[in-house]
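Written out below as structure tokens is the structure these notes cover.
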Amino acid sequence: MVRDESLAEDAVQEAFLTVWRTAARFVPEKGKASTWILTLVHRRAVDVVRREQRRRTDSLDQAPEPGGGGGVDEEAWLRLQRERVQAAL
């Protein structure tokens with residue numbers, strides 16, 4: 001899901017910290033502990049993926065325009081290229 005080993009490790013670590021901090025809230029009658037833990041890991045992985053996507057998008061949006069003084073056609077082409085790269089990411 002995360003496609004990056006270090007980000008996956010971060011997600012699992014954050015999930016286990018959440019398990020440690022909120023263990024008292026677990027209700028065995030509602031389901032198995034493994035299901036609860038896997039749900040927490042999945043939620044953290046989704047959070048990590050979204051955070052990483054936001055970080056990448058923000059860094060592209062804040063990047064300075066190359067050339068600085070190009071014409072309108074060049075700016076439109078560069079904007080189209082940037083959108084294609086963002087969509088690919």
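The values are calculated or read from the model by the stated rules, or taken from the named source; none is laboratory data. Just so you know, these numbers come straight off a predicted model, no measurement behind them. When we count neighbours, we look across all protein chains shown, and the Cβ atoms used for this are built from the backbone with ideal geometry, even at glycine. Surface areas here come from the heavy atoms of the whole protein model, side chains and all, with no ligands, DNA or RNA. Shrake-Rupley method; radii C 1.70, N 1.55, O 1.52, S 1.80 Å.
Note that the chain presents 82 Å² accessible area per residue, ligands and nucleic acids not counted, probe 1.4 Å. Packing order of peptides 25-32, 5-12, 72-79, highest average first: 5-12, 72-79, 25-32 (average count of other Cβ atoms within 10 Å over each peptide's residues).
In whole percent, how big is the carbon plus sulfur part of the accessible area of the chain, probe 1.4 Å, protein atoms only?
Within the chain, the accessible surface is 54 percent carbon and sulfur.
Around the Cα centre of the chain, unit charges on the Cβ atoms of Lys, Arg, Asp and Glu (plus for the first two, minus for the last two) sum to a dipole of about 680 debye. Kirkwood radius and radius of gyration were both taken over the C-alpha atoms of the chain, and their ratio Rg/Rh is 1.26. Between Ala33 and Ser6, the simple spin-label model (points 7 angstrom out along Cα→Cβ) gives 3.3 nm.
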